[in-house]
Amino acid sequence: MPELIAPTVRRHAAWLEAHDEWGPGLHEDGFGLRASDEVRSPDGFAAWVGRLAEASDPANPLPADRVRCTYRWIVEGDRVLGGIALRHALNDYLLRIAGHIGYGIRPSARGRGLATWALGRMLGEARALGLDRVLVTCEVDNIASAKTIERHGGALEDIRDTELGAVRRYWIALSTAGTSAGVAEAT
């Protein structure tokens, strides 16, 4: 059964396996990975995992262009299947393009309902933060992601051209967000 866990250095080899499956240069939504992050070495990986932990800790000051963010890895047994990130607020970039929640599932784990399951769990975390609605976006041609968002009550606001391409923008009202996307869909 899948579970959401905080990023940890103990999953270095498993995370690298998932990362390699995505392929070089491809963006892995939900992991908070920057082009400058060096994740192959244990020290580089530890620094990256530390940065992710600091991003969610209210005691740590953030640069003015960043918002607080909670990262979770989708794992099953010893495999890392994907990642999901909950941004606690929206800055200009997030409002235009990325939204409150971003997620990605490694290619070999797609089609199992993991994104739907993980999004449902993160919507619960968003409610706990006091958010009343969240913006979730996806590339215009990512039909699987659009269906995932719609399963949780996502209402399409519009499709916009951005500097990263056309995106679908959905708002999910947390007071009415569906909870029917249970664990059974993630098997």
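The values are calculated or read from the model by the stated rules, or taken from the named source; none is laboratory data. These numbers were taken from a predicted model, which means no experiment stands behind them. Don't worry about glycine lacking a Cβ; one is built from the backbone with ideal geometry, like all the others, and counts go over all protein chains shown.
Tabulated data for the structure shown
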{"read-out": "Residue in the stretch 110-118 that is under 14 Å from Phe31 (Cα atoms), touching a Gly at 6+ places or on another chain (Cβ under 9 Å) and either small (Gly, Ala, Ser) or at pLDDT below 95 (or both) present", "value": "yes"}
{"read-out": "Residue match in the stretch 134-149 (condition: within 24 Å of Val67 (Cα to Cα), without any contact (Cβ under 8 Å) to a residue 60 or more places away in the chain, surrounded by fewer than 14 Cβ atoms within 10 Å (Cβ to Cβ) and out of contact with any helix residue (DSSP H, G or I) (no Cβ under 6 Å at 6 or more places or on another chain))", "value": "no"}
{"read-out": "Selection from the stretch 20-52 of residues that are touching a Phe, Trp or Tyr at 6+ places or on another chain (Cβ under 8 Å) and either surrounded by 14 or more Cβ atoms within 10 Å (Cβ to Cβ) or closer than 23 Å to Leu119 by Cα (or both)", "value": "Glu28, Asp29, Gly30, Phe31, Gly32, Leu33, Asp37, Val39, Phe45, Leu52"}
{"read-out": "Options Gly83, Gly104; residue that is surrounded by 13 or more Cβ atoms within 10 Å (Cβ to Cβ), over 22 Å from Glu163 (Cα atoms) and touching a Gly at 6+ places or on another chain (Cβ under 9 Å)", "value": "Gly83"}
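Quick grid of which residues meet (1) at pLDDT below 90; (2) in contact with a strand residue (DSSP E or B) (Cβ under 6 Å, 6 or more places away or on another chain); (3) under 24 Å from Ala98 (Cβ atoms):
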| site | (1), (2), (3) |
| --- | --- |
| Ala6 | no, no, yes |
| Ala13 | no, no, no |
| Glu38 | no, no, yes |
| Ala47 | no, no, yes |
| Gly50 | no, no, yes |
| Val67 | no, yes, yes |
